[in-house]
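What follows is a short report on a single structure.
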Amino acid sequence: MWDTIQSAFFIFATWDNAFVLGLGVIIGTFVGAVPGMTTPMAVALTLPFTFTMAPVTGILLLLGVYKGGIYGGSITAILINAPGTPAASCTVLDGYPLAKKGEARRVLDIALYASCIADLISNLSLILFAGMLAGLALAFGSPEVFTLIMFSLTIIAGVSGDQLLKGLCSACMGLLLATVGLDLIYGTNRFVFGEVQLMSGFTFIPVLIGLFAVPEIIAYYGRAETSREHNPLAGKGATWTDLHSCLKTIVRGSFIGVILGAIPGIGGAPAAFLSYAEAKRTSPNGDKFGTGEIEGVAAAESGNNGVAGATLIPLLALGIPGDIITAIILGAFMIHGLRPGPLLFQENLSLIYALFMGIMLSSLFLLIVGKFSIRIISKIADIPHKLLFPVVLTLCVFGAYAVNNTIFDVCVMFAMGAVGFAMLKLEIPPAPFLIAFILGPLLEDNFRQSLLLSKGSYGIFFSSGICWFFWGLTILVICLTIVRAVKVKTVELG
Amino acid sequence: MTQNKNFWAGLALGLIGLAIIFIAIPFGVDEPKKIKFAALSPAYYPQIVAIAMTFLGGVITLRAVMRPIKSNTETERPDAVVRISIVFVILAIYALSITYLGLVLAPVIALFAFMFHAGERRIWVMAFIAIAVPFGLFLFFQKIAGIPIPTGVLAPLLKGV
């Protein structure tokens, strides 16, 4: 054992490894911060550069880009209301309102700390519990994932505020929009109306940008100019008290991310929303979530970063890539003649340990790169809106185009901008739309796959302990929401 | 006025739900001839969601009619409707012109128009930003990220870049 660790250290401890890891984090952070440049895109673009590198060096470069990209996605979500990645979409809910109040630096700091702590916990979980979590992940079939997503959707009640009915309607619209494209089981068209581009459905990024960033820009032109209220926290970074008050939320969000990350196919967005939902339910400031609450940002960021290390669990332990990024990393392993899975732990244990050492170091690099970049990036929030908003719109246009290299996505973004503006005017909350649009495909796919497996019997949704557990949680949350609403009503009347 | 907004929101959502049930699903969902059971039909899930949306839209409308709510204070400019209409016109022209003008020239013009509409009057500042930002993004995506950007009418000029 000691010999293996020693040889792993010699494989890892080179300047090349440290350099590419740092470079990867910088590239990932930068790319993640550009709307439209997704983390999988950045990892895929980096892959060819790893061909001539040593296996550990090449894989560490990809892991650096991956981790930087997940954090980078939150930067634009906070500063300009345009999430760089779908996983960062939950960060928008509280991050942007805080940035608007002039607290951009404070909220970016908390997002960074939450990301780094979650990343560290996720990495430690990968190292210590890979075997156990891989076993748990294998117990998740379609019915279990369906009940998990049903439970995640209960957050809609939380983010709808006092507009619950409109929030539910908004979620219905999100679920319906997510059904556009080819049917999963029969391969027939749904709501395509002869438009070839719609066959693969709507892409996340143009819809997210259109729904959040564009309406804000349009609304700016009709808003009366008001002088910004004096905010003692404006321009200041996060304090130890801020971090301390969010620590419990961050740790809880990290573990939610770890568990969901270990399940192939779930991804960072559901983890972020579930972590956010739990934080909202348990926080004494739960009512302020969605209007600019620092704990909300910490919850979202810890949830989506907690996934980062854990997605490597099914990859390394079982050889199963959980998402697009780990599929690309699997490709990198195979290019170097390595096949992830149980055999890798027997034949190349020192290489695995060397990767673990690099992964641990990546959390530190993320902190350094993030801390350095925040000082510069947070200044964006101070640019006059009459210059900033038009520039943001240009960035959004390029971002929407870059996802699939098609003008069609730009038009989708504009159309969603008009929808988002109408929702803003009619006071229909956009957050439930967003949550449902992201979770919708997972919900429907697993619903129908389960029914296919059970030959149409709904009993499959109650067939395991995990299903019962999530049904129980869902019912509990719905009951608590009703009780809380009745209490509020009683107070209002009495 | 929140009550008015709730009424119109409920009505709009309800009508969208009805349109999906009676128009979009029958004409937009291709159902296979043989389906093992109803729940596997491609129309089953959208139908459930659309019915729920119609019902909720109806409830919102009814509540808005039956229960008056205090009005909200607005912080809009007096000429907000005109200004926002201009934004929509610029956006429409922007979207329609991208295919012809390309993703460099169209943003240059749109950026200039949006800054001017926002109240910026320093011509050199507007000209610099309107040119530097789209060209900078073009160079980043085209050269670094390797994403081909459509250059439209500027194609002959930007061919060598």
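The numbers here are math on the coordinates, done by the rules we state, and not lab data. Note that the structure is predicted; figures quoted are calculated from it, not measured. Note: ideal-geometry Cβ built from the backbone for every residue, glycine included; neighbour counts use all protein chains shown.
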DSSP loop GluC sites (Glu not before Pro) with at most 12 other Cβ within 10 Å excluded, longest remaining stretch of chain A: A:230-494
Quantify how strongly other chains surround peptide A:39-45 by giving the mean number of their Cβ atoms within 10 Å of each of its Cβ atoms. 1
Below 22 Å, Cα to Cα, which lysines can residue B:33 reach? Residues fewer than 8 away in the same chain don't count. A:455
Can you give me the span-like helices of chain A, meaning DSSP H runs with 24 Å or more of Cα extent along the axis and Kyte-Doolittle mean at or above 1.0? A:15-32, A:55-80, A:104-138, A:204-222, A:349-377, A:385-404, A:407-425, A:465-493
Can you pull out the chymotrypsin sites (Phe, Trp or Tyr not before Pro) in segment B:1-58 whose DSSP state is coil and whose Cβ has at most 12 other Cβ atoms within 10 Å? B:37
Convex hull projection area averaged over all views, segment A:356-437, Cα basis, nm²: 8.8
Spacing of the two label points (7 Å from each Cα toward its C-beta) at residue A:371 and residue B:93, in nm: 5.0
Using Cα atoms only, what is the angle between the long axis of helix B:123-139 and the major principal axis of chain B, expressed in degrees (0 to 90) to the nearest 10? 80
If the cut-off is a Cα-Cα distance under 24 Å, which lysines reach residue A:101, setting aside same-chain residues fewer than 8 apart in sequence? A:236, A:280, A:288, A:371, A:379, A:386, A:425
In whole angstrom, the spacing between the Cα centers of segment A:132-190 and segment A:369-406 equals 30
At a Förster distance of 30 Å, what's the computed FRET efficiency of residue B:37 paired with residue A:347, Cβ-Cβ distance as r, to 0.05? 0.05
Expressed as an acute angle from 0 to 90° and rounded to the nearest 10, what is the orientation of the C-alpha long axis of helix B:44-66 relative to the principal long axis of chain B? 80
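Taking only Cα atoms of the protein assembly as shown, what ratio of Rg to Rh do you get with Rh as the Kirkwood inverse-distance radius?
Reported Rg/Rh, Kirkwood definition of Rh: 0.96.
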Just from its helices, what would the mean residue ellipticity at 222 nm be for chain B, if runs of 4 or more DSSP H residues each count -39500 (n - 2.57) and the sum is divided by every residue, rounded to the nearest 500 deg cm²/dmol? -22000 deg cm²/dmol
How many times 2.2 N^0.38 Å is the alpha carbon radius of gyration of segment B:7-110? 1.65
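What does the average come to when, for each residue of peptide B:110-119, you count the partner chain Cβ atoms lying within 10 Å of its Cβ?
Mean partner-chain Cβ count within 10 Å for B:110-119: 5.
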Order of B:103, A:388, A:128 from fewest to most other C-beta atoms within 10 Å? A:128, A:388, B:103
By the Cα gyration tensor axes a ≥ b ≥ c (a/c under 1.5 gives rounded; else a/b larger than b/c gives prolate, otherwise oblate), the shape of segment A:169-300 is oblate
Taking the mean number of other Cβ atoms within 10 Å as a proxy for protection, how do you rank A:69-81, A:181-193, A:108-120 from highest to lowest? A:69-81, A:108-120, A:181-193
Would you list, by chain and number, the lysines whose Cα falls below 17 Å from the Cα of residue A:489, excluding same-chain residues fewer than 8 positions away? B:70
Per residue of A:191-204, how many C-beta atoms from partner chains lie within 10 Å of its own C-beta, taken as a mean? 1
